[in-house]
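**Student:** Encoded as structure tokens, here's the structure I'll be asking about.
The values are calculated or read from the model by the stated rules, or taken from the named source; none is laboratory data. Not measured: the values here are computed from a predicted model. All Cβ positions, glycine included, derive from the backbone under ideal geometry; neighbour counts span all protein chains shown. Surface areas here come from the heavy atoms of the whole protein model, side chains and all, with no ligands, DNA or RNA. Shrake-Rupley method; radii C 1.70, N 1.55, O 1.52, S 1.80 Å.
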Amino acid sequence: QVQLVESGGGSVQAGGSLRLSCAASGRAFRNYYMAWFRQAPGKEREFVAAISQSGNRDYADSLKGRFTIFGDTAKNTVYLQMNSLNPEDTAVYYCAASNSPLGSPERYKYDYWGQGTQVTVSS
């Protein structure tokens, strides 16, 4: 099985950028359908972005154009580049891996999760 560790969160002002990292260990992330989710205080965990084993990408409609998911197989790491951040992006961001190659925006379809990294955007 794979272990996932997120990093790169922090505090940033509105309009700024952050790049989150999800380091995989135990198995190559290319064996999984990888995704980022986020959870704001008092809200459900929601889908952000995903990348398939073949490199196809999917995004939450509201985030298209600002967020980019990509992977580095040499580092066995998946990234989430976040631009033009606003206070509504404040949340704990989680990396997840699914054994199913079909992927899904539904969180219950994911088998492995990281511990999360906090992103705080101030106005």
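**Student:** Name the pairs: first residue in the range 10-22 and farther than 14 Å from ALA91 by Cα, second residue open to solvent by 30 Å² or more (accessible area, probe 1.4 Å) and of a type in the set (Lys, Arg), Cβ to Cβ under 9 Å, at least 6 apart or on different chains?
**Tutor:** Final answer for the pair search is SER21/LYS75.
**Student:** Follow-up question, since we're still on this one. Within the range 1-18, take every residue that is at pLDDT 95 or above and surrounded by fewer than 14 Cβ atoms within 10 Å (Cβ to Cβ) and give me the one that is nearest to VAL48 (Cα to Cα).
**Tutor:** Among residues in the range 1-18 that are at pLDDT 95 or above and surrounded by fewer than 14 Cβ atoms within 10 Å (Cβ to Cβ), the one nearest to VAL48 (Cα to Cα) is SER17.
**Student:** Pull up the range 89-118, narrow it to residues that are under 20 Å from GLY55 (Cβ atoms) and touching a Lys or Arg at 6+ places or on another chain (Cβ under 8 Å), then point me to the one that is surrounded by the most Cβ atoms within 10 Å (Cβ to Cβ).
**Tutor:** Checked the range 89-118; the qualifying residue surrounded by the most Cβ atoms within 10 Å (Cβ to Cβ) is ALA96.
**Student:** For the structure I just gave you, tell me whether LEU85 is modelled with pLDDT of 95 or more and either under 14 Å from GLU6 (Cα atoms) or touching a Pro at 6+ places or on another chain (Cβ under 9 Å) (or both).
**Tutor:** no
Listed here are the residues, each with its yes/no results for (1) within 11 Å of the chain's Cα centre (by Cα); (2) closer than 20 Å to GLY9 by Cβ; (3) modelled with pLDDT under 95; (4) not charged (D, E, K, R).
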residue	(1), (2), (3), (4)
ILE51	yes, yes, no, yes
GLY55	no, no, yes, yes
LEU63	no, yes, yes, yes
LYS75	no, yes, no, no
LEU80	yes, yes, no, yes
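**Student:** Please specify each residue of the range 85-96 satisfying the condition of being under 14 Å from the mean Cα position of the chain (by Cα) and in a loop (DSSP other than H, G, I, E, B).
**Tutor:** Within the range 85-96, just THR90 meets the criteria.
**Student:** Step by step: first the residues of the range 28-84, then only those that are aromatic (Phe, Trp, Tyr) and assigned to a strand (DSSP E or B), then the one that is surrounded by the most Cβ atoms within 10 Å (Cβ to Cβ). Which residue is that?
**Tutor:** The selected residue is TRP36.
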